[in-house]
Structure formats: C-alpha cells, structure tokens
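The values are calculated or read from the model by the stated rules, or taken from the named source; none is laboratory data. Computed from a prediction, not measured in an experiment: that's the story for all the values here. Every residue, glycine as well, gets a Cβ built from its backbone with ideal geometry; the counts of neighbours run over all protein chains shown.
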Amino acid sequence: MGKTITEKIIEAHIVSGRFVPGTEIGIRIDQTLTQDATGTMAYLEFESMHVPRVRTELSISYIDHNTIQSGFENSDDHRYLQTVAQKYGIYLSRAGNGICHQVHFERFGKPGKTLLGSDSHTPTGGALGMLAIGAGGLDVALAMAGEPFCFTCPRIIKINLTGTLPPWTSAKDIILKVLEIFTTKGNVGFIFEYGGEGTATLSAPERATIANMGAECGVTTSIFPSDEMARIFLKAQKRHDDWQEIRADLDAEYDRIVDIDLSHIVPLTAKPHSPDNISPVRDVGGIRVDQVCIGSCTNSSYKDLATVARILKGNVVHPEVSFIIAPGSRQVLENLAREGYLTDLIMAGARLMESACGFCIGNSQSPQTRGVSLRTSNRNYLGRSGTLDAQVYLVSAETAAASAITGRITDPRDLGVVYPQVPMPDRFYIDDSMIIKPESTENSSAIEIFRGPNIGVPPANDPFPEMIKGEVTIKVGDKITTDHIVPAGTRMKYRSNIPKYSECFFEPLDGQCSERATKIRDKGKHNIIIAGLSYGQGSSREHAAICTMFLGVKAVIAKSFERIHAANLINFGILPVTFKDDRDYERINQGDSLEITDARKTIEGSEKMLVRNVSNSLTFEVNYNLSERQKKILLAGGALNLRHI
C-alpha cells in the first residue's frame, strides 16, 4: 500500500510509537517558531529547563503581535526576547519585519521538514509540504530542548481539488467552502491533505491561505504536495536548493476523500460570529460597511495586495468606509512599493498599517459601535475585533476590495470589470537585514538577559490531588475560544505576568469570574469549569491554561475539547474530561459543589471516573483519554514539574 505525504514525513521523523491512527506518537522537530504573545512565556519555560542552547535545526522568535508600544510592557518583553534569542541560539525577526507565518513561509519553510509553532496558524507552512503544527508554548520549549513532540497519530482526509477557479474567486473562498463542509468542530485528530489536478492550479501563496485557515476546522494541520508550484515559489525566494519533491503515492489510502470542484466555487463569506457561518456573498449583499481590513497571516501576500491594488486603481474608497491595509511582511511591502502597487493603494485611500498582526488580534483598528467590518483574517469571534458588538465578516481580498469601493457588502463579480490577473514575480526583492542571527556559542555566555518588571516566572503547581473537591466556577456553552478564557487585544501585554493576566479570566463572558475563582481557591477548594462542545477553540495561547491553573482549577468537564487546549491543560496539571452522557451537562449549575473521590488513584489505575454533584445528589460518569505519558505529566502537576523530578 502506498503512503500519503503525512505518513512519509511522520515516518521520517518518528522517535516513539508507530504510525497507527489514534495512538500516541512522538516525532523529532526540525524547526520551531514563536511569536511575542506566546513566545515570552515559552522562553521563560525554556530557561527553567537549564538547557544551554536550542537543539533544533532552526528556531526563530518573531515579534509581530504586540507591536503597539503603549506602556512599557511590550517594549520590555521585546528586549527580553532579543537577549534570550542571542544567548540561546535563536534567530530573531524584529518588529516590522512581518507576521511570523508569512515571513517563515517566505524565508525558512522547507518541504519535508517538521515545524512546531506556538501559534495555532503554524499550519500555514503546510503550503510548502511541511508538517507544520501549532502547539502550546511549553511544547515548543520542550522541542527546543530536544524533546520529541507527542500527539495523537492522525487520521488523514484527502481534499481532492478538481477544475479551476473562476475569475473573482480565490483561495479564501476555497477554505471557506472547506469550513462550510467540515465546520469548526468534530475534526480533532485529523489532517487535511490536499491533492488532485486542481491543486496544480494554485500558487504557493494561495495554498498558504488554505493551509492557514484549516486551523479553524480544528485539524492537526493541513498539507499540500511539494511540487512544481512549491519549486517556483522557492526559486523566486532564491531558495531553490531548499526544494524537494514530496507527493502522495497513487495508491495511498485515506480515512475519507472529499471532492471539491473549483469551477463551482463562488465568493463566500463567514458571517458573525464564527468562521463556519458560511454564506455566498450575494446572499448577504447590500449590508452597509463601516470598515474594511485587508491583511493578517491569511491574506497579506504580495498576490493578495497587488490584486487589491489593481481592483482599486482609479477609485477612491467609499467615504463611509475606513480602509485598512497591513502587508504580511516587509518583503511584501517592499515589492509592492517597487512595483507601484503601494502608490495605487494609498491613492485609493488606504490607511497603511505596519506589517504585523494588528487588527486580527484586536489590539488596533477596532470598529465603531455596532460597526460592520469586512476582514480578510481568519477569525470573527464575538468581541475579538476589540468592539464587543461589532459584526465581523470574513471575506477574500477581492470581496473586501469591491466592498470598499461600493460601501456595501459586494460580490466582486458585480463590479462589472475584468478580473485583474496578477502574475507571481520570477524573483522577489529580498532583504533579510531585519532578522538578527544569534551569537556564537563562544560569545553567548557574556549576554545578560533583560527582564522588565512585567516579566515573571512560570507559576508553580502542586502535584495532582488525591481528591477533587470544589465548586463550579463558571458554566459555559459551545465553541468557547481561548479568547473567551483570556482575551487577546490590549490585555495580551500581560502575557508574561500571570497574576495580572489572570484578572481577565473569562472577562468577555463574566467580569466577576476571576474574583470568584480567587475566593474559591483561597478557601482551599478547587475550581471546576463546565463547558459544551469544542472547548478551547482558536489560539494556541497556553495562557488560557496557565491562568486556569493559577486560579486553582483542577478539572474541566466538557462535551468535547479542541486539541491544542486539551494538551495545554494537561501540560499544566489540569484534568480534561468529557461527559459520557451529554445530558448530564444540563444537570449542573454554576455554583454547584462537585467531588471526584480517589481522582488520583482512578487515573493511575485507568478506572471508571465518577463525579458526584453534591448540590443535587446526582452522580455521573465522565471519560478521560490519557496516554501513559500524559498521566505522568498530570499526576506530577504539569510537564515542568515532571521534568524537574
């Protein structure tokens, strides 16, 4: 039997287990990436391991999230990141050089390599035939220390692309179609592997858009073949030697095959407030638009923005529309400027933001009250934009440009003009001077690491208790994201100050939750969270688990979990369990007293786990699915505790 791309890369890197879907495996990690919102804690964790130098082929620290320096916190953390990188053998991409996924895709991604990143959109690298996986910062820190990355061996879904995209449709519309088919839940443990004749019609940047937003489906990653399109892109980046061909065998077997005919794709949008709330643009057309934001790691490539410039040339955006452009990298910005596209954008009324995450994470360009914002980014969760009552629609760059002109949500096919075909450059203008190489091993010992007053240490946890006895601190519904648990935006400057960040615990849903949890913890009781389906969607931000641990939460009982957050909970000594009967969810109220007697012994012996609701005298069963490795981590009180035993 032939092999898939996924199997080939995993089997070349496997260090524990075998390729048996559903079992735990460990793989060697070639490259890591971090960004400043998650990287600061990841490097604090790495420091605590007392490893003198990173042990990967390549590790890169990107500064791209918290680049707005309001107050001292972000500037201090950026200096910390730079000194840590110099000391431990890590490359640093400076603020202004671009978004981690775009820059890594341009300058460092290599077919056949494994990449682990402390950002959920790390799978962007799959566009080049990498096995690129998002994870919590602690898992990335362990990989930098030379430890294997352990995860559930995936099942593989082939998305078979046929046909060719019609004019005015794009890769963004393809991934929105995928989200319409698969939704944001129920895909944990799968990998999307793209193939079919239609794949050959998509450039590497178009593939990057698709691989990027696979994260919204909850899959482990997405991957494309490393073929002629990958070779052309790497050659244009002057990295032809990094290319190698990687394809699935013709007789490779998949768990499932889904066919998508590109010729039937139409302009789509994800309506508020979920990336899988999909509709054709024409079906929602006519809604007045207040803001259009083009950028983010999903749609900020040269091709995206050059296409927008061609559409807008000779037009000025509608007077009621605030129009934001954020190129994905300094390279994109320079190439747009050299070829005149940047002038076209400015003349059309674009407000030029720096090459950073910016509006996508809600730390700038928040819409007006009840504003309608069209964005080319990847998430439109309630409040993520920084304005709680904003209505955010996710669209392609083409739909965004058309709507900026008309002031209404507009299917770009209705502009009545010829679609501007933008060819990819044979060679990009390249300048890597904003990437700082680390000091040599001989010089690194003299480097003093900068630590501002906002930088703490990874909080300690106790070993897992014999019995969980506590109170339901909060009961939440389905699709709770890490942004709900600890918000992004301006709050992210506290990412290295866990006591302060914990004050924001569930702030978007319940402003009193942190105070309530603190009181329960200080009484010597455990906090317990009750949740619905797909708990922990969205960002890989491990702070959602660290703050949960800091406030004394010992268990989260949910209908289902998303992969990264469940792993993060275990890494910090918190038990994730699921209802055996979802009807038991309805029988629990916030404030109820719950008990899991002999919790530690139950986990050690893999016995049936029962939860007693003391408040209503009901007992129900929960499921837990822990490998022997995860049991050791959990019982020790977390991965750092286990490493220090």
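A few notes on this one:
- Of the residues making up the range 186-198, those that are touching a Leu at 6+ places or on another chain (Cβ under 8 Å) and crowded, with 20+ Cβ neighbours inside 10 Å are Tyr194, Gly195, Gly198.
- Residue in the range 363-377 that is among the charged types (D, E, K, R) and not in a helix (DSSP H, G or I) present: yes
For (1) part of a loop (DSSP other than H, G, I, E, B); (2) under 33 Å from the mean Cα position of the chain (by Cα); (3) modelled with pLDDT of 95 or more, each residue gets a yes or a no:
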position: Cys547; (1), (2), (3): no, yes, yes
position: Lys554; (1), (2), (3): no, yes, yes
position: Ala566; (1), (2), (3): no, yes, yes
position: Val577; (1), (2), (3): no, yes, yes
position: Asp584; (1), (2), (3): no, yes, yes
position: Gln590; (1), (2), (3): yes, yes, yes
position: Glu607; (1), (2), (3): yes, no, no
position: Arg612; (1), (2), (3): no, no, yes
position: Glu621; (1), (2), (3): no, yes, yes
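- Boolean, Leu268 is surrounded by fewer than 18 Cβ atoms within 10 Å (Cβ to Cβ) and hydrophobic (A, V, I, L, M, F, W, C): no
- Among the residues making up the range 385-417, those that are touching a Ser or Thr at 6+ places or on another chain (Cβ under 8 Å), of a type outside the set (A, V, I, L, M) and either in contact (Cβ under 8 Å) with a residue 60 or more places away in the chain or outside any loop (DSSP other than H, G, I, E, B) (or both) are Gly386, Gln391, Tyr393, Ser396, Glu398, Thr399, Ser403, Thr410, Asp411, Pro412.
Every residue, every condition in (1) touching a helix residue (DSSP H, G or I) at 6+ places or on another chain (Cβ under 9 Å); (2) polar (S, T, N, Q), yes or no:
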site: Asp251; (1), (2): no, no
site: Asp255; (1), (2): no, no
site: Asp259; (1), (2): no, no
site: Ser263; (1), (2): yes, yes
site: Pro267; (1), (2): yes, no
site: His273; (1), (2): no, no
site: Gly286; (1), (2): no, no
site: Ser296; (1), (2): yes, yes
site: Ala309; (1), (2): yes, no
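- Single match in Thr6, Thr23, Thr32 (criterion: among the β-branched types (Val, Ile, Thr) and over 18 Å from Phe190 (Cα atoms)): Thr32
- Answer from Ala211, Ala248 - the residue that is part of a helix (DSSP H, G or I) and either in contact with a Gly (Cβ under 7 Å, 6 or more places away or on another chain) or buried (at least 24 other Cβ atoms within 10 Å of the Cβ) (or both): Ala211
- Residues located in the range 511-520, provided they are surrounded by 18 or more Cβ atoms within 10 Å (Cβ to Cβ) and charged (D, E, K, R): Arg516
- Among (1) surrounded by 14 or more Cβ atoms within 10 Å (Cβ to Cβ); (2) touching a residue at least 24 places away in the same chain (Cβ under 8 Å); (3) under 30 Å from Arg427 (Cβ atoms); (4) basic (Lys, Arg), the one test that Arg282 misses: (3)
- So Pro458, is it in contact (Cβ under 8 Å) with a residue 24 or more places away in the chain and on the phi < 0 side of the Ramachandran plot: yes
- Only one of Val258, Val292 that is under 24 Å from Asp414 (Cα atoms) and within 26 Å of the chain's Cα centre (by Cα): Val292
- Test result for Ile346, of a type in the set (A, V, I, L, M) and either without any contact (Cβ under 8 Å) to a residue 40 or more places away in the chain or in a loop (DSSP other than H, G, I, E, B) (or both): yes
- Residue list for the range 494-520, filter: of a type in the set (Lys, Arg), within 25 Å of Leu44 (Cα to Cα) and without any contact (Cβ under 8 Å) to a residue 60 or more places away in the chain: Lys500
- Residue within the range 420-442 that is in contact (Cβ under 8 Å) with a residue 24 or more places away in the chain, closer than 22 Å to Phe323 by Cα, part of a loop (DSSP other than H, G, I, E, B) and not charged (D, E, K, R) present: yes
- Filter result for the condition that a residue is among the β-branched types (Val, Ile, Thr) and out of contact with any helix residue (DSSP H, G or I) (no Cβ under 8 Å at 6 or more places or on another chain), over Thr548, Thr578: Thr578
- Any chance Leu179 is assigned by TED's automatic domain parsing to the domain that holds Ala12, under 30 Å from Ala402 (Cβ atoms), part of a helix (DSSP H, G or I) and modelled with pLDDT of 95 or more: yes
- Of the candidates Gly386, Gly358, the single residue that is of a type outside the set (S, T, N, Q), buried (at least 21 other Cβ atoms within 10 Å of the Cβ) and within 21 Å of Val486 (Cα to Cα) is Gly358.
- For the range 286-310, the candidate set comprises residues that are of a type outside the set (Ser, Thr, Tyr) and either in a helix (DSSP H, G or I) or touching an Asp or Glu at 6+ places or on another chain (Cβ under 6 Å) (or both); within that set, the residue that is surrounded by the fewest Cβ atoms within 10 Å (Cβ to Cβ) is Arg310.
- Here Phe359 meets the list (1) under 24 Å from Tyr429 (Cβ atoms); (2) within 23 Å of the chain's Cα centre (by Cα); (3) part of a helix (DSSP H, G or I) almost entirely, failing just condition (1).
- Output for the range 182-203, where each listed residue is closer than 18 Å to Thr169 by Cβ and assigned to a helix (DSSP H, G or I): Glu197, Gly198, Thr199, Ala200, Thr201
- Filter result for the condition that a residue is closer than 25 Å to Trp243 by Cβ, outside the structural domain of Ile361 (by TED's automatic domain parsing) and either without any contact (Cβ under 8 Å) to a residue 12 or more places away in the chain or surrounded by fewer than 22 Cβ atoms within 10 Å (Cβ to Cβ) (or both), over Arg155, Arg107, Arg94: Arg107
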